[in-house]
1. Kindly provide the set of residues from the range 74-127 that are under 10 Å from the mean Cα position of the chain (by Cα), assigned to a strand (DSSP E or B) and within 11 Å of the ligand (Cβ to nearest atom), ordered by number.
2. For the range 262-327, which helices (runs of 4 or more DSSP H) that fit wholly inside it have 2 or more residues that are in the same structural domain as W128 (by TED's automatic domain parsing) and closer than 30 Å to A132 by Cα?
3. Scan the range 98-111 residue by residue and report those that are closer than 23 Å to E242 by Cα and in contact with a strand residue (DSSP E or B) (Cβ under 6 Å, 6 or more places away or on another chain).
4. Pairs please, first residue from the range 16-44 and without any contact (Cβ under 8 Å) to a residue 40 or more places away in the chain, second anywhere and surrounded by fewer than 17 Cβ atoms within 10 Å (Cβ to Cβ) and outside any helix (DSSP H, G or I), Cβ atoms under 9 Å, 6+ apart in sequence or on different chains.
5. Just for the range 226-248: of the residues that are assigned to a loop (DSSP other than H, G, I, E, B) and surrounded by fewer than 20 Cβ atoms within 10 Å (Cβ to Cβ), which one is modelled with the highest pLDDT?
Amino acid sequence: MNTPSTILSAIPRRLHMQPNHPLTITRQLIESRFPGYETHNTLFPIVTTRQNFDSLGFPPDHVGRSRTDTYYLNKDTVLRTHTSAHQADTFRANESEGWLISSDVYRRDAVDRTHYPIFHQMEGARTWSRAAVEKSGKSLAKLIYEDTEKIPKHNIDVQDPDTPFHASRNPKQDPHSVEEVSAIAAHLKRSLEDVVVAIFAAAKTASTSPSISPDQPTPDDDEPLKMRWVEAYFPFTSPSWELEVFWQGDWLEILGCGIVQQAILNNASVPDRLGWAFGLGLERIAMLLYGIPDIRLFWSTDARFLTQFDATAPIKRFVPFSKYPACFKDVSFWVRSTPASSAAGGAGIPPPQVSSPASGTATTPADAAAAAAGTLTGHDFHENDVMEIAREVGGDLVEDVRLVDEFTHPKTGRRSMCYRINYRSLERTLTNEETNELHERLRCDLVDKLGVELR
Ligand code: PHE
């Protein structure tokens, strides 16, 4: 169990279901582009490692399974890290050809304006049944092309330099013919391009709406929408792609997708179906759509935030309430140099023994204490633990946490890190005493929970 109670207590919030919440409006806007698709929006977030990883073909040693990245409730149970955790079950239910799942997902991650340990994804899938096709007398590829023609056309510039699949980089699966892969890929790409076009059309009305204040940045104003497809890799699709949108001078990845691994459909007892799946982050799209500058705002219960969104009116850009001052504070501490296995340089020197201070490796009181408590210190240092402690102490008052300095002592081999914590409330000005007190608690928790030695 590595899941803090603050995370568990946020489970009932279900922001993507709150009336007039920007995530709800964004979800509904995307859902409206998939007429006839079944929607599932209340699936429970606690899932098995089988659902979240094994059913999708994640190898046993995949980093995504690590305790530093995923919230575990016990060794077989996690807070889902993506909506794909529900793919197999939804295919098994076999209720419709197309479905959409929107939900909260959970990841231990960085703390900054675009990362929050809870965020929201939408998963979508569309499959075709070979049996149904046989009855129609047409080829599956032909039928899929006919379905593709029903999706609205657009005249936006899309870069798609790669062939629908690539034998080594992005292979097609054996059970699928070249025509089938090409047809499914075309349907998938057209469906998702249509979503982006609809989002940007809505964002455009927002940025040109008269209510906007003149000093609001409206970067999308004169920039024509551009998007591009890039090859990607996911254990549960092949071939796979990401769709990127040109936004404020950069290519921004907005979704991952691909042709569903046939093994997933076979294991879900629907071996005669084949098709595509995608997963996108709702916050990222809502931030684009409304110009919301900080991901913490989605969790705000401040009326100055919530009253700006109305599901029944055209989209208006978010007008930030005045920005309160930030206050940053640094914390520096020692951790052990490198993981135990590589610290010895692989030269036959035994790894440090945390249980025996006499070995000379438990060089600090914290190490000794940790050794006595039977916990590891230095070698399991992971940045996400610092992130989580900062969140636990400061909650949404922590705007971001960044590593600003790092060095290894040439003699002792110990590693020193310095993190900068930026404290800022979205709703008020923090007092000095308040930030000092938070920072002091953070320092204590780093020692107590990670066994580091403050400098
Ligand atoms: N689950 C993937 C993610 O979270 C996205 C994805 C979904 C990719 C479905 C392919 C198909 O990054």
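1. V105, F119, Q121
2. Numbers: elements: 262-267, 282-290, 303-306.
In the range 262-327, the matching helices (runs of 4 or more DSSP H) lie at 262-267.
3. Taking the range 98-111 as the starting set, the residues that turn out to be closer than 23 Å to E242 by Cα are 98-110.
Scanning the range 98-111 gives G98, W99, L100, I101, S102, D104, V105, Y106, D109.
4. M17/N41; M17/T42
5. Residues of the range 226-248 that are assigned to a loop (DSSP other than H, G, I, E, B), as a first pass: 235-236, 248.
From what's left, surrounded by fewer than 20 Cβ atoms within 10 Å (Cβ to Cβ): 235, 248.
Numbers: P235: 97, Q248: 79.
Checked the range 226-248; the qualifying residue modelled with the highest pLDDT is P235.
The values are calculated or read from the model by the stated rules, or taken from the named source; none is laboratory data. None of these values were measured; they are calculated from a predicted model. So basically every Cβ, Gly included, is an ideal-geometry build from the backbone, and we count neighbours across all protein chains shown.
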